[in-house]
1. Within a Cβ distance under 11 Å of Ser116, other residues only, what is the Lys/Arg minus Asp/Glu net charge?
2. For the range 1-124, take every pair of Cα atoms, bin their distances at 5 Å starting from 0, and report each bin as a whole percent.
3. For a quick protection proxy, order the peptides 208-215, 318-325 by their average other-Cβ count within 10 Å, most packed first.
4. Given a 1.4 angstrom probe, I'd like the percentage of the accessible area of the chain that is carbon and sulfur, rounded to a whole number.
5. If you take every residue apart from Glu18 with its C-beta less than 14 Å away from the C-beta of Glu18, what net charge results, scoring Lys and Arg +1 and Asp and Glu -1?
6. Would you look at the GNM of the chain, springs on alpha carbons closer than 10 Å, and say which of Thr287, Thr205, Thr87 moves the most?
7. Along the Cα-to-Cβ line of Arg244, 7 Å from the Cα, sits a label point; which residues in the range 289-309 have backbone N less than 16 Å from it?
8. Would the range 248-382 count as rounded, prolate or oblate if I go by the C-alpha gyration tensor, calling it rounded below 1.5 in a/c and otherwise prolate when a/b exceeds b/c, oblate otherwise?
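The values are calculated or read from the model by the stated rules, or taken from the named source; none is laboratory data. Since the structure is predicted, the reported quantities are computational estimates derived from the model, not experimental observations. In this analysis, Cβ positions are derived from the backbone assuming ideal geometry, glycine residues included, and neighbour counts consider all displayed protein chains. The accessibility values were calculated without ligands, DNA or RNA, using every heavy atom of the protein model including side chains. Shrake-Rupley method; radii C 1.70, N 1.55, O 1.52, S 1.80 Å.
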Amino acid sequence: MNDLGSHIVIPSVTGLGETGLDIILSDAKSHYFNYYWLRDNCPTSFSPVTRERSFDIFHLKAAPRARSAQVEGDVLVIDWQDEDHVTRMPLSWLETYSNGKRRHDPADLTRVAWFSDHYPSVPRFSQPELVADAATRAKWIEAMLVHGFTIVTDMPDSDEGLTQTAELMGFVRPTFFGNYFDVKTHINPTNTAYTAAALELHTDTPAEEFAPGIQFLHCRANTVQGGESLYADGVAVANAFRERDPEGFKLLSEVPIPFYCEHDHYDARSRQYVIELDQYGEVEGLTISQHMADIFDLDQRLLDDYYPAFCRFGRMLQEDAYMMHFMMKGGECMVFDNHRIVHGRAAYSATSGDRYLRGCYVDRSEMRSTYRALVSEGRFKA
């Protein structure tokens, strides 16, 4: 009932149907809620210990239906028809989900695109401070979610230092290269990165069905001539490409292409979208690697349009407006989103000094999970 004089709304149940009920909430509007949904999300359906649903809706002998339902104070009380069970559902909780909105996700942050002049502004965090302080770790991961690229300084000069840093974010995620990889000149290289040659802008391991999300590159030494690091924000480039070449953008975001990585003991293959879109249709990132692109086994007429668009985008990634250049320093760790940030390097002289990077990966889902745990209470308060 709505008191027109004071505009106070008294929530009330206005109807019990076969599949759900209608209730007027504080916005003075009538909202429908499905009985299955109400029963499945009864507060008693969840274990406060495991924080998992302990009620199994599959075991109901009949479709749930309310015998009666009424508002008591700030709670909806439902007496179920074929069960000896009563649900007490807070109205504030119902209001949160009354319009079919997604559950709030603190890790769903707006991405901020960056350009070639970004290096002085790259968020930097001291490794010992990350280890010591949870609030600093939260700021670090927030910077990763927003910018996709950070630099961790004061790294220990050890294999264990990289592991410790990665595990602040999540579990080390193996690939067909193993749990870790060492980027230095190899006698019999299995990857272009293991040579002194230039390495074009790319994302790593696109041939994996689900390529790892976050890359850690710990610079242990870098005294060679050349070898300048190259980074670009795929979000910035793809957003501009969408404006410049909408038909090309459509092809690269809707037509998956094959990637591969093959050697004596592995033969990885996948199909990926070069431009990746999120749940809102916005650019989330990229999967691209010219040296790991497989034979484009697409219709040849489609390739009349796809190949030129692919090349236009690849050239755009290298434009001066987007590509950040800098020299990595020993004791730094580059941490970046492997599904957003393309990276590469200029050629260097292998005999002019020592260049040694050690790397590993963590999945993006692990990073987001850690962030949520650091900044929110989740559904269950301690």
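1. Details: positive: none; negative: Asp117, Asp233, Glu319, Asp320.
Once positives and negatives cancel, what remains is -4.
2. Calculated over all Cα pairs of the range 1-124, the distribution is 2, 9, 16, 17, 15, 11, 7, 5, 4, 4, 4, 3, 1, 0 percent.
3. Ranked by mean Cβ neighbours within 10 Å, highest first: 208-215, 318-325.
4. Summing carbon and sulfur atoms, their accessible area is 50 percent of the total for the chain.
5. Working: positive: Arg65, Arg67; negative: Asp22, Asp82.
With Lys, Arg at +1 and Asp, Glu at -1, the neighbours total 0.
6. Thr87
7. Only 308-309 pass the distance filter.
8. Cα axes put the range 248-382 in the oblate bin.
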